[in-house]
Amino acid sequence: MRGPVVSHGPAGGPIAVDREGFVATGLFAAPEGADGGSLRLKRDVELLHHGGFAIAASELDQLYQSFPGFLDAACFVLPDPIVGDRIFAAIVPRPNEPIWLDALHKFLEEREVAPYKFPDKLLVVKQISRDAGGRLLREQILKQV
């Protein structure tokens, strides 16, 4: 996005403007309709906004995957009018392991992870969808919600 009334970042924060004067918003516009005359906005699902913080989804994936009780894990978000994005973790638990959100929070606390990176809820799934190259298909997780 670019223009005379477009902010160059949060007040008092770093300026996030490219060489051409565009500000990255995390939104993408794509032509829609038969004539392409309208635009549809789509969010970047790899960049989360929670309580004023921008968080790389891949960072949360790695944190959640390192929990010993999970075979696999990935973060996903749902919009929240107060905090921006409400963070959730889709998890594949280890067989016969109890699943406790508190245990994950304690694990993250012990690693001095900032509390705003903690998931609010867990979603137990059979598998985390990935493409042939192993890249996480985050939009597939959202379809399971």
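Built from the Cα atoms of the stretch 55-144, the convex hull projects on average onto 6.0 nm², one quarter of its surface area.
Could you size up the charge dipole of the stretch 55-144 around its Cα centre, putting +1 on the beta carbon of Lys and Arg and -1 on that of Asp and Glu, and report it in debye to the nearest 20? Intermediate results must be reported in sequence, preceding the final value.
On the way: 11 positive and 13 negative charges, 61 e Å.
Value, rounded to 20: 300 debye.
When each of the peptides 91-100, 63-72 is scored by how many other beta carbons lie within 10 Å of its residues on average, the order from highest to lowest is 63-72, 91-100.
Residues whose amide H falls under 5 Å from that of Ile87, counting only those 5 or more places apart or on a different chain, are Asp120, with hydrogens built in the peptide plane. Measuring r between the beta carbons of Phe107 and Gln127 and using R0 = 25 Å, the FRET efficiency lands at 0.70. Among the GluC sites (Glu not before Pro) in the stretch 94-145, those located in a DSSP loop and surrounded by at most 12 other Cβ atoms within 10 Å of their own Cβ are Glu112.
Computed from the coordinates by the stated procedures, all read-outs in this text should not be read as laboratory data. Remember, predicted model here, so these are calculated numbers, not experimental data. Counting neighbours? That spans all protein chains shown, and the Cβs are built from the backbone with ideal geometry, glycine included.
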